[in-house]
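Have a look at the structure below, then the notes.
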Amino acid sequence: MVADERIAVVTGGGSGLGRAISATLADDGWTIVLAGRRAAPLRDTATLIGRRAMAVPTDVSSPESVRALFAEVSRRFGRVDLLVNNAGIFGAPAAPDELPFEQWQSCVDINLTGAFLCAQQAFRMMRTQRPEGGRIINNGSISAHSPRPNSIAYTATKHAITGLTKSLSLDGRAYNIACGQIDIGNAATDMTGAMSHGVPQADGSVRPEPTMDVGDVAAAVRHMANLPLEANIQFLTIMATAMPFIGRG
């Protein structure tokens, strides 16, 4: 490890928000460990970033896979300074009584359990490394505050991320570990492509929604990441200005 090198693990790093966040952090001097299920997109992101990135295919819902990820980080770099818990899925839209259990479980496994497993391993490294400490940033989403129609699994996991963030923030104080949450609304990625064509609203209508540049989200994460550990942005909401959140419903 190079002296003063800062090591960041970004989950869901193969595309969308994860790719934008990783590239922005790398431009700012961070060394990025890209984690995600699909090896090819991870390699594409690593190629885009260059020498400051390495790809480690990881299933965040698997304890064994997450342990292997952080074991590789420890072997290669000896420490971790930042975890960006970004991996997540929307799941298929469905009314509560029509949602298959398997889809509920998949959403919980990836969005919530995956974030916990990664935070657990990062926390373990951060509290024992020297100098101790580090930062965890959880991707909460606007749905951590207000649901969309037919999104019970996604919304439940994102509300739970807020509790995860608060507990990590509290329990991390003794070890110089800061934890904050970024709640993102309508960043333009492949996952939000349908918004320009129309998505269901709380009043039963279907309408297009405005989006924002994903680079603005990445810049916000960079700001959170670069704070000294004595300071923490506990919760940050960044959203397309005219999206239906304030006044949703």
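The values are calculated or read from the model by the stated rules, or taken from the named source; none is laboratory data. These numbers come from a predicted model, not from an experiment. Cβ sites come from the backbone with ideal geometry, for glycine too, and all protein chains shown count toward neighbours.
When the range 58-79 is filtered for residues that are assigned to a loop (DSSP other than H, G, I, E, B), among the small types (Gly, Ala, Ser) and under 14 Å from Phe116 (Cα atoms), the ones remaining, listed by number, are Ser61, Ser62.
Of everything in the range 179-207 that's of a type in the set (Gly, Ala, Ser) and over 26 Å from Ala218 (Cα atoms), which residue is surrounded by the fewest Cβ atoms within 10 Å (Cβ to Cβ)? Quick ask: steps written out before the conclusion?
Within the range 179-207, the subset of a type in the set (Gly, Ala, Ser) is 180, 185, 187-188, 193-194, 196, 198, 202, 204-205.
From what's left, over 26 Å from Ala218 (Cα atoms): 202, 204-205.
On the way: Ala202: 12, Gly204: 7, Ser205: 9.
The residue in question is Gly204.
The residue list Ala26, Ala20 contains one member that is at pLDDT 95 or above, over 24 Å from Asn111 (Cβ atoms), touching a helix residue (DSSP H, G or I) at 6+ places or on another chain (Cβ under 9 Å) and not in a strand (DSSP E or B), which is Ala26. Considered as a group, the residues in the range 163-178 that are buried (at least 17 other Cβ atoms within 10 Å of the Cβ) and under 18 Å from the mean Cα position of the chain (by Cα) include one that is farthest from Ser205 (Cα to Cα), and that residue is Ile177. Going through (1) closer than 16 Å to Ala188 by Cβ; (2) modelled with pLDDT of 95 or more; (3) not aliphatic (A, V, I, L, M) one by one, Thr237 falls short only on (1). The condition (being out of contact with any helix residue (DSSP H, G or I) (no Cβ under 7 Å at 6 or more places or on another chain), more than 29 Å from Gly204 (Cβ to Cβ) and in contact (Cβ under 8 Å) with a residue 24 or more places away in the chain) is satisfied by just one residue among Gln129, Gln121, Gln181: Gln129. Scanning the range 234-249 for residues that are surrounded by fewer than 16 Cβ atoms within 10 Å (Cβ to Cβ) and without any contact (Cβ under 8 Å) to a residue 60 or more places away in the chain yields a total of 4.
Of the residues that make up the range 47-64, is at least one over 22 Å from Leu229 (Cβ atoms), without any contact (Cβ under 8 Å) to a residue 40 or more places away in the chain, in contact with a Lys or Arg (Cβ under 7 Å, 6 or more places away or on another chain) and among the β-branched types (Val, Ile, Thr)? No, the range 47-64 contains no residue that is over 22 Å from Leu229 (Cβ atoms), without any contact (Cβ under 8 Å) to a residue 40 or more places away in the chain, in contact with a Lys or Arg (Cβ under 7 Å, 6 or more places away or on another chain) and among the β-branched types (Val, Ile, Thr).
Among the residues making up the range 133-161, those that are free of Cβ contacts under 8 Å to residues at least 40 places away in the same chain and either touching a strand residue (DSSP E or B) at 6+ places or on another chain (Cβ under 7 Å) or surrounded by 24 or more Cβ atoms within 10 Å (Cβ to Cβ) (or both) are Ser143, Ala144.
Number of residues in the range 220-249 that are under 19 Å from Ala8 (Cβ atoms) and touching a Pro at 6+ places or on another chain (Cβ under 8 Å) equals 0.
Counting the residues of the range 198-234 that are closer than 11 Å to Asn186 by Cα and among the hydroxyl-bearing types (Ser, Thr, Tyr) gives 1.
Comparison of Ala95, Ala87, Ala40 shows that the only residue that is more than 23 Å from Ala218 (Cβ to Cβ), out of contact with any Leu (no Cβ under 9 Å at 6 or more places or on another chain) and small (Gly, Ala, Ser) is Ala95.
Kindly provide the set of residues from the range 122-137 that are within 15 Å of the chain's Cα centre (by Cα) and assigned to a helix (DSSP H, G or I), ordered by number.
Our first condition is that a residue be within 15 Å of the chain's Cα centre (by Cα); within the range 122-137, this holds for 122, 135-137.
Answer for the range 122-137, where residues must be within 15 Å of the chain's Cα centre (by Cα) and assigned to a helix (DSSP H, G or I): just Ala122.
Among the residues making up the range 80-104, those that are under 29 Å from Arg124 (Cβ atoms) and surrounded by 19 or more Cβ atoms within 10 Å (Cβ to Cβ) are Val80, Asp81, Leu82, Leu83, Val84, Asn85, Asn86, Ala87, Gly88.
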